[in-house]
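A short write-up of the structure that comes next.
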Amino acid sequence: MKYNRPDWHTYFMEIAKLVSKRSTCLRRSVGALIVQNKRILSTGYNGAPAGLKHCIDRGCIRQQMKVASGERHELCRGLHAEQNAIIQAALHGVPIKGASLYSTHLPCSICIKMIINAGIKQVFYCDGYADMLSLELIKESGIILKKITIKKGEASKASRKYVKT
Ligand SMILES: [Zn+2]
Ligand SMILES: [Zn+2]
């Protein structure tokens, strides 16, 4: 019998991708998970604060002003996926010190600063993001950064290797 069982990185990253589908950002859909001991503690996607109008409902100033990717985040009313994941943990009193963060995209420099102070120690991401400061801060902080590549059929391929995990 052949198992079609994803390894842990694939499992969490595919969940992060599913979470990103709830995004209300006009420019990029991002999903993030905070994970500890193979358990999901918190999730987040990018969008406006709870109960407020989203960029998909009222337009986004960054879009209207044609702001380049990775710049002038403060103009958008949305929170980033990583921020929402950290806030959700705080809201429910869930400790995330020492946890790992999975994000569909490399966190921006604002999120990285929060990730550092939240005590998150590993960051796994799928797609890159144009933010040089972010990479500099990650390097300096000692956070372990790893790009996870998921190709079609990767889950089933990985399962043969990691079937015992
Ligand atoms: Zn926006
Ligand atoms: Zn961010």
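The values are calculated or read from the model by the stated rules, or taken from the named source; none is laboratory data. The shown structure was predicted, so the numbers you read here are calculated from the model rather than taken from an experiment. Because the Cβ atoms are built from the backbone with ideal geometry, glycine has one as well, and the counts that use them run over all protein chains shown.
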What number of residues within segment 13-27 satisfy the criterion of being away from ligand 1 (no atom under 16 Å from the Cβ) and either within 13 Å of HIS80 (Cβ to Cβ) or in contact (Cβ under 8 Å) with a residue 40 or more places away in the chain (or both)?
6
Check on HIS73, surrounded by 12 or more Cβ atoms within 10 Å (Cβ to Cβ), within 11 Å of ligand 1 (Cβ to nearest atom) and within 15 Å of the chain's Cα centre (by Cα)
no
Please go through segment 41-70 and give me each residue that is surrounded by 14 or more Cβ atoms within 10 Å (Cβ to Cβ) and more than 11 Å from ligand 1 (Cβ to nearest atom), ordered by number.
LEU41, SER42, THR43, GLY44, TYR45, GLY70
Selection over segment 92-122 where residues are more than 20 Å from LYS21 (Cα to Cα) and either near ligand 2 (Cβ under 9 Å from one of its atoms) or within 15 Å of the chain's Cα centre (by Cα) (or both) yields a count of 14
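Based on this model, can you work out whether ASP131 counts as touching a helix residue (DSSP H, G or I) at 6+ places or on another chain (Cβ under 8 Å), among the acidic types (Asp, Glu), at pLDDT below 95 and on the phi < 0 side of the Ramachandran plot?
Values: touching a helix residue (DSSP H, G or I) at 6+ places or on another chain (Cβ under 8 Å): yes; among the acidic types (Asp, Glu): yes; at pLDDT below 95: yes; on the phi < 0 side of the Ramachandran plot: yes.
Here the answer is yes, as ASP131 does meet what is asked.
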Counting only residues that are part of a loop (DSSP other than H, G, I, E, B) and without any contact (Cβ under 8 Å) to a residue 40 or more places away in the chain, which one in segment 69-91 is nearest to ALA16 (Cα to Cα)?
ARG77
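Any idea how many residues of segment 28-55 are without any contact (Cβ under 8 Å) to a residue 40 or more places away in the chain, more than 13 Å from ligand 2 (Cβ to nearest atom), outside any loop (DSSP other than H, G, I, E, B) and within 23 Å of ALA130 (Cα to Cα)? Give the steps one after another, and end with the answer.
Here is the first cut: in segment 28-55, the ones without any contact (Cβ under 8 Å) to a residue 40 or more places away in the chain are 37-40, 45-55.
With the extra rule that they be more than 13 Å from ligand 2 (Cβ to nearest atom), the set shrinks to 37-40, 48-55.
Add one more test, that the residue is outside any loop (DSSP other than H, G, I, E, B), and what stays is 39-40, 55.
Cutting the leftovers down to within 23 Å of ALA130 (Cα to Cα) gives us 55.
Number of matching residues: 1.
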Going by the structure shown, is GLY98 touching a residue at least 24 places away in the same chain (Cβ under 8 Å), touching a Phe, Trp or Tyr at 6+ places or on another chain (Cβ under 9 Å) and part of a loop (DSSP other than H, G, I, E, B)?
no
Hits in segment 105-122 - residues which are surrounded by fewer than 24 Cβ atoms within 10 Å (Cβ to Cβ) and outside any loop (DSSP other than H, G, I, E, B)
HIS105, SER109, ILE110, LYS113, MET114, ILE116, ASN117, GLN122
